[in-house]
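Input: a single structure, listed below in structure tokens.
The values are calculated or read from the model by the stated rules, or taken from the named source; none is laboratory data. Model, not experiment: these values are computed from the prediction. Don't worry about glycine lacking a Cβ; one is built from the backbone with ideal geometry, like all the others, and counts go over all protein chains shown.
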Amino acid sequence: MSKAISIKNVSKTYQNGFKALDRIDLDIEYGEIFALLGPNGAGKTTLINSICGIVDFTSGSIRVFDLDTRQDYRDVRSIIGLVPQELTTDAFETVWNTVSFSRELFGHAPNPGIIEETLRRLSLWDKRNEQLRALSGGMKRRVMIAKALSHEPLVLFLDEPTAGVDVELRKSMWSQISELRQTGVTIILTTHYIEEAEKMADRVGVINQGELMLIEEKNTLMHKLGKKTLSITLAEPLNSIPQALDGFTLGLSNDGRELVFHFDEFDAPKGADKLLELLYREKISCSDMAMRQSTLEEIFVELLNNPHAS
């Protein structure tokens, strides 16, 4: 059975010799939400633009709904919606006219019902007669999504959809994007945020320096990214770690005044609650503590140093 998107051995090398993509192989299922994680310059946008026909990749092949992106370019573009990182809109045009014009650009006849449904779905209906210059950054990004959906695409690309959006609006957009999947649209998003992938995606891919380093089911990847650090400020300094705390990955810092615990939140027998229980038993008092999750950059460093660990 064919896939919604099938990428085979795709590379992209620019004239200056820079390799933006290196032999990418990736299949995306019909109707799934696939998140592509990676730092700036990793190749996320280049990969999306290659699929959409904006960038001419150097080698390999890409098929969307079994259509070749080069041979069947017009047909492929007609079933793809793209929300780029940049907010490119006509500041003096209304929301309604902007989204309606985008639909007609793809050769579709005017359909006010579709435009209304799209605006309502994205909580833009009340803003339909406002000029884009009057909207907040988050609302403008919703307009970009509405434009991409105006011609009823089968595949939707979201390139950093919540960049520059506050936390509350980000969570609202997560909900709306998840609802879009219920209509059967296949969604591919790029993001810096592990939390974003955790909330929305079915599967996650990690790309760095043009290489697709791993592809995992979301729950599996979230388990791998479950490493946390608990820093415990001690009321009295320790010269060494007590033998009773053997079995925990612990370190002392700040002249023995800080106990640092590295752990996997899924490993309950060696979790933070067990450690705190033992500290209480050993009468080791704490004055403060702070939790920190591994950053995406730290995970990349680990993958680079030990790529087979994934």
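One residue stands out in region 17-42 among those that are crowded, with 23+ Cβ neighbours inside 10 Å and among the small types (Gly, Ala, Ser): the one that is farthest from Arg203 (Cα to Cα), namely Ala42.
Scanning region 155-194 for residues that are of a type outside the set (Ser, Thr, Tyr) and under 25 Å from Leu21 (Cα atoms) yields a total of 13. Condition first: in a loop (DSSP other than H, G, I, E, B), more than 18 Å from the chain's Cα centre (by Cα) and either within 21 Å of His192 (Cα to Cα) or touching a residue at least 40 places away in the same chain (Cβ under 8 Å) (or both). Now tell me which residues in region 4-55 satisfy that. Residues satisfying the conditions are Ala4, Tyr30, Val55.
Ala91 satisfies every condition listed in (1) at pLDDT 85 or above; (2) exposed (fewer than 13 other Cβ atoms within 10 Å of the Cβ); (3) of a type in the set (Gly, Ala, Ser) except (1).
Of Leu212, Leu230, Leu189, Leu180, all but one fail to be hydrophobic (A, V, I, L, M, F, W, C) and in contact with a Gly (Cβ under 8 Å, 6 or more places away or on another chain); the exception is Leu212. Within region 182-201, none of the residues are modelled with pLDDT under 90, surrounded by fewer than 18 Cβ atoms within 10 Å (Cβ to Cβ) and in contact with a strand residue (DSSP E or B) (Cβ under 6 Å, 6 or more places away or on another chain). Applying the selection to region 247-276, what residues are exposed (fewer than 11 other Cβ atoms within 10 Å of the Cβ) and either modelled with pLDDT of 70 or more or among the hydroxyl-bearing types (Ser, Thr, Tyr) (or both)? Listed by number, the residues that qualify are Ser253, Asp255, Asp273. Go through the residues of region 134-142 one by one and say whether even a single one is within 19 Å of the chain's Cα centre (by Cα), closer than 26 Å to Leu26 by Cα and crowded, with 21+ Cβ neighbours inside 10 Å. No, that holds for no residue.
Filtering region 143-171 to residues that are at pLDDT below 85, buried (at least 16 other Cβ atoms within 10 Å of the Cβ) and in a helix (DSSP H, G or I) leaves Leu169, Arg170. Listed by first and then second residue, the pairs with beta-carbon distance under 7 Å, at least 6 apart or on different chains, first residue in region 148-163 and more than 14 Å from Phe106 (Cβ to Cβ) and not assigned by TED's automatic domain parsing to the domain that holds Asp75, second modelled with pLDDT under 90 and not in a loop (DSSP other than H, G, I, E, B), form an empty list. Return only the number of the condition from (1) surrounded by 16 or more Cβ atoms within 10 Å (Cβ to Cβ); (2) in contact with a strand residue (DSSP E or B) (Cβ under 7 Å, 6 or more places away or on another chain); (3) under 26 Å from Tyr30 (Cα atoms) that Ser61 does not satisfy. The number of the failed condition is (1).
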